[in-house]
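The structure under discussion appears below in the form of structure tokens.
The values are calculated or read from the model by the stated rules, or taken from the named source; none is laboratory data. Everything numeric here is computed off the predicted structure, so don't read it as measured data. Positions of Cβ are generated from backbone atoms using ideal geometry, with glycine treated the same way; all protein chains shown enter the neighbour counts. Only protein heavy atoms, including side chains, enter the accessible area calculation; ligands, DNA and RNA are left aside. Shrake-Rupley method; radii C 1.70, N 1.55, O 1.52, S 1.80 Å.
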Amino acid sequence: MARVRMWDVVWVGMVVVVCMGGLKLALVPSYASTDYYVHRAWLALTHTTPMAEWYTDATSQWTLDYPPFFAWFEYLLSLAMPYIEPSLVVKIDDAGAAELDAASPRAKIVHRATVMVADLVLALGAVYAVYGFWYPYPPRSFAKVETVDDSGTAGGIRGGGGVAAGGSSIWSSPQAISLVLILGSPALLLLDHVHFQYNGMLTGLLLLSIGGVTSRSGYALTAAAYAALLGFKHLYLVLGLVYTVFLFKAVVVQPRASLGSISLARFAILAGIVVAVLGAAFAPFVAAGSGWAMLERLFPFKRGLVHAYWAPNVWALYCGAEVALSSGSATRLTSGLVGEGAFSVLPSISPGTTALLTVLAMLPSVAKVWLTTPAGALVAAPRGDAARFLRYLQRPAIVFIHGLVEVSLASFLFGWHVHEKALIVPLIPLAVLAPTSPRYAGMFTFLQAVAHVALFPLFPPGVLTPLKIGVSVCYTLYIYAMLSPALPKLYVAYLVGLVPMLGFAYLVAPLALPSLVFLPTMAISLYCAVGVVMAYLWILLY
């Protein structure tokens, strides 16, 4: 197979975007979730209210609780709405929003179209990160080089050397496979185009920051994109330790020098970029006197340890143990309501406890990033034969992405009031690594299955059940068709167990135990929590 050019990768991205666009258009009539009305309220808020009041206004129960850049994003969208669909920027109560939707069906089409347009950031970030990760060598080069997989296999792609068995098409290249895995993600499709959010745009910013590392020449872009990402969604703050440690070791520390030899100029550039971007985001609100109100909105600790649907993490297992030990009397935990749940048997968990455990769980991953990142890797990477490419050019990117996956899983497992959608943070970067080795392909296969099943309770049963199961199954079949995932027997057994667990949740429990309304979602949450723990341990110990 000839060298994969930038245009080849762009072409693959364009084709996948168009194909996924058709599916997204078909999903426009989907149900209106809570988040649909949340973002509708924010459109109206930013359009009709002075900036200084964005984080204090409480006209709607859906108050603004995203960082400033996202607020400005909503404001920019609202500027066009009076000319396209004026009802979207009418500031009314929540019941009135539903009435307006009924009176103007076009509102849902227009609002969902904004998500589709924002997804172009995802496509841009994916192409940039994936192309840079594999440049300058074509996939076939890896048949001659020991890859990141310790088993000595020549890569995670069927046929070895990055080309599917019997095929030489661009679609069998690792670049194309990663792009399909990212742009065709069922998690992003369901969350953004059924449930309604803008995760694709945010993930695109994350991939742009990763692309600055994979291209080995854009560390300034890495810092700027990550800082901008924090200005859009503070969920990504948990990745900050990996960004800080990696960029300091790979950019600030001088190549082939002792730790004491650092580049103050490069440190000043990185620090200046981060301060400038974050300052642009937060300073106007601090100056307007709403800085404290904004912080209270961004970190609402009174919402409780777990969400209405328990995200599949350590605290879901903890709540499950509480329900079992209290003989099912922990009604607040199983009420499906957001708020602080009372523990009657086990000790209550404070936000400080979750923060401490999260940091402790991150430390091994951060230490690994520091120890395995070559000094000056992004400023003095030699170019040469394939062996040098692997050792000096691709390996730092692998270290960085692997570190991001680890710390995001750690924060998911131990964080306060975690949402199940946060699993896309480790999942999408792992798609970049999936074609590099059978083990990474196995890790991705396992995590995506757990993550997608964990998202199922977000979508009402009925007509959406075939959709969410169908797209997840097709995605998994694609992975097995294009890659060679290597999974331990225990992990294979777990994946097989997903089938009877879903049968219990969707068939047995509703029919045999209809009074236990929370039981189906609790079964999914607890089983998937075990899966996330297994995925974390596998990736951590690799």
Look through the stretch 32-49, keep the residues that are part of a loop (DSSP other than H, G, I, E, B) and open to solvent by less than 30 Å² (accessible area, probe 1.4 Å), and return whichever of them is farthest from residue 111 (Cα to Cα).
49
Return yes or no: is residue 331 in contact with a Gly (Cβ under 7 Å, 6 or more places away or on another chain) and either modelled with pLDDT of 90 or more or surrounded by fewer than 19 Cβ atoms within 10 Å (Cβ to Cβ) (or both)?
no
With the condition being of a type in the set (Phe, Trp, Tyr), I'd like the helices (runs of 4 or more DSSP H) fully within the stretch 191-299 carrying at least 2 qualifying residues.
219-232, 240-247, 264-287
Residue within the stretch 459-470 that is under 23 Å from residue 418 (Cβ atoms) and open to solvent by 40 Å² or more (accessible area, probe 1.4 Å) present
yes
Could we say that residue 445 is among the β-branched types (Val, Ile, Thr), open to solvent by less than 10 Å² (accessible area, probe 1.4 Å), modelled with pLDDT of 95 or more and in a helix (DSSP H, G or I) here?
yes
Cβ contacts < 7 Å: first residue modelled with pLDDT of 85 or more, restricted to the stretch 510-525; second residue among the basic types (Lys, Arg) and open to solvent by 30 Å² or more (accessible area, probe 1.4 Å), any location; separation 6+ or different chain. Result?
none
Hey, among the residues in the stretch 250-270 that are more than 17 Å from residue 218 (Cβ to Cβ) and open to solvent by less than 50 Å² (accessible area, probe 1.4 Å), which one's nearest to the chain's Cα centre (by Cα)?
253
Restricting attention to the stretch 1-31, and to residues there that are part of a loop (DSSP other than H, G, I, E, B) and open to solvent by 30 Å² or more (accessible area, probe 1.4 Å), which single residue is nearest to residue 462 (Cα to Cα)?
31
